[in-house]
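Notes to accompany the following structure.
Bear in mind that the values in this text are calculations on the coordinates, not laboratory data. Just so it is clear, the model here is predicted, and its values are computed rather than measured. All Cβ positions, even for glycine, are placed from backbone atoms using ideal geometry, and neighbour counts span all protein chains on display.
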Amino acid sequence: MKVLVTGGAGYIGTHCLVELMQAGIEPVVLDNLSNADPSALARVEQITGQAPIFIEGDIRDHRVLELTFQAHRPQAVLHLAGLKAVGESVEKPLEYYDNNIAGTLQLLHTMREYQCRQIVFSSSATVYGDPQTLPIPESAPIGGTTNPYGTSKYMIERILSDWAHADPQAQVIALRYFNPVGAHPSGLIGEDPKGLPNNLMPFIQKVAVGELEQLSVFGDDYDTIDGTGVRDYLHVVDLAKGHLAAIQRMLRESDTGFEAINLGTGNGISVLQMVNAFERASDQTVAYQIAPRRPGDIAACYADASCALDKLNWRAELDLTQMCQDAWRWQQFIAGK
Ligand code: NAD
Ligand code: UFG
């Protein structure tokens, strides 16, 4: 059985490929390589012993989508392709809306043409904006987004929900990821951001390996355990297993309609707690300074993860130490390349 994985050459995509292939599902990767390197797919082959089918192309290109659906007739789609840098999205809103929203519309048109009605979408906890309740349940209000990236995720959820409403056979699961971190325990795949990392964990990794001098901790006066921002970090392998669980549920059960499901651990971790955990796991010092708050940041964000357990029989299994150890192994691999 084939599943189309858009954005499958990226950070989360490659981890999903490993889980799908190890479960006997044949992924078909469609990726324009705008934020990925094909060598990551070769390393997926090293892990799984099989090469994933790969088509280099853009989800906004109707012809490429047609050729892909004609040749492979995927039964379902894991839709991960998208641009994801919050700051860049503020600078380039049209590019973000075009890539993420117009791309999703092209994909849905082609799915409809080829009677493919099952899709799992990479959404984000960012759709909750500044949450009123912690932990955040799926029923919390969404749409209070503060940047075009977040707004594109919110809009795509609405589009998918309307599509599922109009087509009684459509099955949609929007997975709202909290903060994916870490890397595959093999040390062969992980996240390798170009330039200065935007996110906490890749920044810490580069300080620990000596590529960056020090981390700026954005604010120490939030109403949190130690004043620094709190997030729900989850291991990328757990996240990938959540995708497999979502696909398997779709293939097993005929529940139609739109569902949104949080993927997080349910635990809030502060920036300084993360720094400490990384230092212990890597046996390195992570130099840091306290800096002003980052505009648009919220104090705390962590999931009510009970729906994923109820609906997907999924829960995060890997702890903070494993996230840091695997991230460190991967960082050493890329530093040595
Ligand atoms: P990534 O950039 O590593 O992967 C995205 C992949 O999509 C890349 O390989 C890129 O080349 C590809 N791509 C982008 N636009 C495309 C297009 N128009 N056509 C074909 N391919 C295209 O990012 P990731 O961290 O693996 O994220 C995957 C998805 O998960 C994204 O949709 C992202 O918004 C979402 N998400 C990520 C996080 C996170 O913290 N990493 C959190 C929440 C949601
Ligand atoms: N932080 C620092 N210094 C840094 C980077 C981050 O102190 O150099 C702090 C932030 O202020 C925040 C925490 O570390 O308190 C986490 O920041 P990240 O940038 O790693 O993650 P965010 O929660 O801000 O955002 C991420 C993605 C979004 C996504 C969201 C929810 O960047 O795209 O998780 O999934 F929407």
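The table for this structure:
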| quantity | calculated |
| --- | --- |
| Theoretical gain in end-to-end length, D310 to Q289 [0.36 nm per residue, Cα-Cα removed] | 3.4 nm |
| Hz values of 3J(HN,Hα) by residue in the range 286-298 - Karplus curve (6.51, -1.76, 1.60), Gly and Pro given as x | 10, 5, 8, 10, 7, 10, x, 4, 7, x, x, 6, 10 |
| Counting DSSP beta bridges with both ends in the chain, the antiparallel % (nearest 5) | 5 |
| GluC sites (Glu not before Pro) within the range 33-105: DSSP coil, no more than 15 neighbouring Cβ in 10 Å | none |
| Top of L30, L83, L67 by mean-square fluctuation, Gaussian network on the chain, Cα under 10 Å | L67 |
| Placed amide H near D304: partners under 5 Å, 5+ positions off or other chain | I136 |
| Over 24 Å (Cα to Cα) - which of K2/K194; K241/K311; K92/K241; K2/K92; K84/K311; K206/K241 fall in this group | K2/K194; K92/K241; K2/K92; K84/K311; K206/K241 |
| Karplus (6.51, -1.76, 1.60) ³J(HN,Hα), θ = phi - 60°, over the range 215-232, in Hz, Gly and Pro reported as x | 8, 9, 8, 7, x, 10, 10, 7, 7, 9, 3, 10, x, 9, x, 10, 9, 9 |
| Alpha-carbon Rg with Dmax, taken over the range 153-293, Å | 18.7, 55 |
| Rounded to the nearest 20 debye, dipole of the range 95-155 from Cβ charges on Lys, Arg, Asp, Glu | 180 |
| Hz values of 3J(HN,Hα) by residue in the range 98-113 - Karplus curve (6.51, -1.76, 1.60), Gly and Pro given as x | 5, 4, 7, 8, 4, x, 5, 5, 4, 4, 5, 4, 5, 4, 4, 4 |
| Translational diffusion of the range 96-210, µm² s⁻¹ [Kirkwood Rh, Cα pairs; Stokes-Einstein; 37 °C; 0.692 mPa s] | 199 |
| Rounded to the nearest 20 debye, dipole of the chain from Cβ charges on Lys, Arg, Asp, Glu | 540 |
| Sites matching trypsin sites (Lys or Arg not before Pro) across the range 215-267 that sit in DSSP coil, with at most 13 neighbouring C-beta atoms within 10 Å | none |
| Long-range HN-HN contacts of V5 with modeled amide H, under 5 Å | V28, V29, L30, L78 |
| For the range 7-117, size of Cβ-based charge dipole, Lys and Arg +1, Asp and Glu -1, in debye | 300 |
| Simple label model, 7 Å out from Cα along Cβ direction - T256 to S34, nm | 3.3 |
| Residue (of P202, L239, Y222) at the positive-pole extreme of the range 178-247, dipole from beta-carbon charges | L239 |
| Rounded FRET efficiency, nearest 0.05, which uses the C-beta distance separating A166 from N199 and R0 of 30 Å | 0.25 |
| Charge dipole (the range 87-132, unit charges on Cβ, about Cα centre) - positive-most of Q132, G87, Q118 | Q118 |
| Distribution of pairwise C-alpha distances over the chain, 20 Å bins, in % | 32, 61, 7 |
| Distance between the range 299-321 and the range 98-176 - C-alpha centres, whole angstrom | 19 |
